[in-house]
Amino acid sequence: MKVALIYGSTREGRFCDTVARWAAAEIARQGTFTLEVVDPAALALPGRHEQQAGAEVLALHERLARADAFIVVTPEYNHGYPAALKFLIDAIHTPWQARPVAFVSYGGISGGLRAVEQLRQVFAELHAVTIRDCVSFTNAWQQFDEAGEPREPERVRKAMDLLLTRLGWWAKALRDAREAIPYGT
């Protein structure tokens, strides 16, 4: 099964790289999924010439359509999720349908959970299934050491293992269902 790990931030000097690197390593360690990284900062979708942007959106659509599941790594900016993540989600329609979405969030005192709650509403509208279990880093900058490793690795590994187990179950169940009866027919 293939999981697309989606970076939620495009800010320069973003902490998302640290959290997403950890998540990617955990996905590889667990071994249920093959990994596809989707970084909106590398795509540079907004502000492009219309024809170029159209080609990039089409390529992104094809990449996401190959995924059986998604993990969104999102910060919380001003009690919400970043605009670049909103653009990425809204630019693509059908690949989200009948697929599971899990969240790894980070931020200050809320650990990004307010952003996650808003994203759950967005993904529900797109006919995606969000996984209840998530990984959240409160005061994230204090949760990682200088090498980018969690200071409490067992605690967050346990949460990530549960997230990946549940995500794997939903990914397989929904893939089997889409193969049996294409979604939307």
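The values are calculated or read from the model by the stated rules, or taken from the named source; none is laboratory data. As the structure is a computational prediction, the values presented were derived from the model and not from experiment. Here the Cβ is made from the backbone with ideal geometry for all residues, glycine too, and neighbour counts use every protein chain on show. Accessible surface areas use protein heavy atoms only, side chains included; no ligands, DNA or RNA. Shrake-Rupley method; radii C 1.70, N 1.55, O 1.52, S 1.80 Å.
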Checklist entry - Are there any pairs, at least 6 apart or on different chains, whose C-beta atoms fall under 9 Å, with the first in segment 125-147 and farther than 27 Å from Arg99 by Cα and in contact (Cβ under 8 Å) with a residue 60 or more places away in the chain and the second aromatic (Phe, Trp, Tyr) and open to solvent by 30 Å² or more (accessible area, probe 1.4 Å), and if so, which? => result Ala140/Phe15; Trp141/Phe15; Phe144/Phe15
Checklist entry - Restricting to helices (runs of 4 or more DSSP H) lying wholly in segment 1-109: which have 3 or more residues that are closer than 28 Å to Lys158 by Cα? => result 16-30
Next on the checklist: Could you tell me how many of the residues in segment 68-86 are within 14 Å of the chain's Cα centre (by Cα) and surrounded by fewer than 18 Cβ atoms within 10 Å (Cβ to Cβ)?
Outcome noted: 1
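Out of curiosity, is Val156 β-branched (Val, Ile, Thr) and over 16 Å from the mean Cα position of the chain (by Cα)?
yes
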